[in-house]
1. Using amide H atoms built in the peptide plane, which far-off residues or other-chain residues are under 5 Å from I244 H to H?
2. Would you calculate a helix-derived [θ] at 222 nm for the chain, using -39,500 (n - 2.57) for each DSSP H run of n ≥ 4 and dividing by the full residue count, to the nearest 500?
3. Please list 200-206, 269-275 highest first by mean number of surrounding beta-carbon atoms within 10 Å per residue.
4. Express the relative contact order of region 1-145 as a whole percentage, based on alpha carbon pairs under 8 Å and six or more residues apart in sequence.
5. Packing-wise, with mean Cβ within 10 Å as the measure, how do 55-65, 179-189 rank, highest first?
6. Restricting to Cα pairs below 8 Å that are 6+ residues apart, what does the relative contact order work out to for the chain? Please round to a whole percent.
7. Just R119, R103, R176 to compare: in a GNM of the chain, with alpha carbon springs under 10 Å, which one fluctuates most?
8. Over all directions, how big on average is the projection of the convex hull of the alpha-carbon atoms in the chain, in square nanometres?
Amino acid sequence: MDTPEGRRYAVDLHTHTTASDGQVRPAELVALAAQRGVVVLGVTDHDTTAGLSEAIAAGQQLGIEVVPGIELSTAVEAGEVHVLGYFIDPRSALLQESLCSFRDRRIARAREMVARLRRLGLSITFDDVQGLAAGGTISRAHLARLLTERGYAPSVDDAFARFLARGRPAYVPHERPTPAEAVRLVVHAGGAAVLAHPYLASDLDRLLPQLVAAGLAGIEVWYAEYTAEQQHALAELARAFQLIPTGGSDYHGETFRPGRELGSVDVPAEVVEQLRRAAGSRAR
């Protein structure tokens with residue numbers, strides 16, 4: 001998409017930094033976005049807003065609009081359901097209290113996963129995981145990267161498939177809010193809630209009406225790993241439920257997973273204003 005001035009208007013609404021399980025600091029992410037022609041960048045770290053201040057400050061210097069966001073992990077019986085929040089107020093007391101609780105649970109979970117990996121004979125420690133996280137929100141991605149770096153898996157995907165995915169020997173269930181609770185938390189924080197990478201959900205037909213009733217504003221349609229056919233099907237779903245179609249790369253870093261290059265997804269510019277209006281209309 002081109003602006004009236006003729007330059008590319010690039011939007012990437014799904015990215016991560018070292019505040020959670022990304023590989024680059026918030027300011028570095030914004031600088032990389034500027035290099036790649038991205039002019040609107042959603043910073044959506046897992047269960048934390050810790051990187052937003054740095055990212056927004058860098059965006060002001062480089063002429064990049066940084067959309068304050070978050071990605072909340074939720075509890076479901078099968079699959080994975082993540083809820084993105086856009087134009088949230090990071091100062092929301094309820095949001096920050098909830099995030100503090102989520103982080104404590106993540107730490108306890110990571111300790112148990114490390115213990116299970118050690119019982120399998122893998123020589124890693126929780127201190128190793130903390131060192132890799134460098135103060136960011138700990139996730140399974142840190143464990144997967146550590147297993148890859150130590151030679152226990154050839155790739156992050158393989159580490160998940162053999163050790164860390166649901167049903168694998170080091171997997172530990174996560175105490176999380178329900179998807180509807182996550183949507184309501186985003187709305188309470190003044191944001192627009194969006195269902196992330198919908199095809200990870202195991203029962204989308206049942207789930208989506210529940211989330212719409214809870215206040216869902218959008219659904220991720222243009223996702224880096226989805227085919228054109230999948231994106232078309234999701235766009236039709238967005239129309240059927242009157243949801244804002246959003247998109248992003250889910251960028252974590254250059255060596256995280258192939259296909260998730262920053263700025264690689266063509267997201268229409270009008271999506272940003274639609275989310276901004278939706279967030280304002282839902283603010284409490």
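Read-outs: derived from the displayed coordinates by stated rules, not from any lab. Keep in mind that what you see is a predicted model, and the values were worked out from it rather than measured. Cβ: placed from backbone, ideal geometry, glycine included. Neighbour counts: every protein chain shown.
1. Close amide H contacts, sequence-distant or interchain: G218, I219.
2. Taken over the chain, the calculation gives -12500 deg cm²/dmol.
3. 269-275, 200-206
4. Worked out over region 1-145, it gives 21 percent.
5. Details: 55-65: 16.9, 179-189: 23.5.
Ranking, from highest mean packing down: 179-189, 55-65.
6. Rounded, it is 23 percent for the chain.
7. R119
8. Directional mean of the projected Cα hull area for the chain stands at 14.1 nm².
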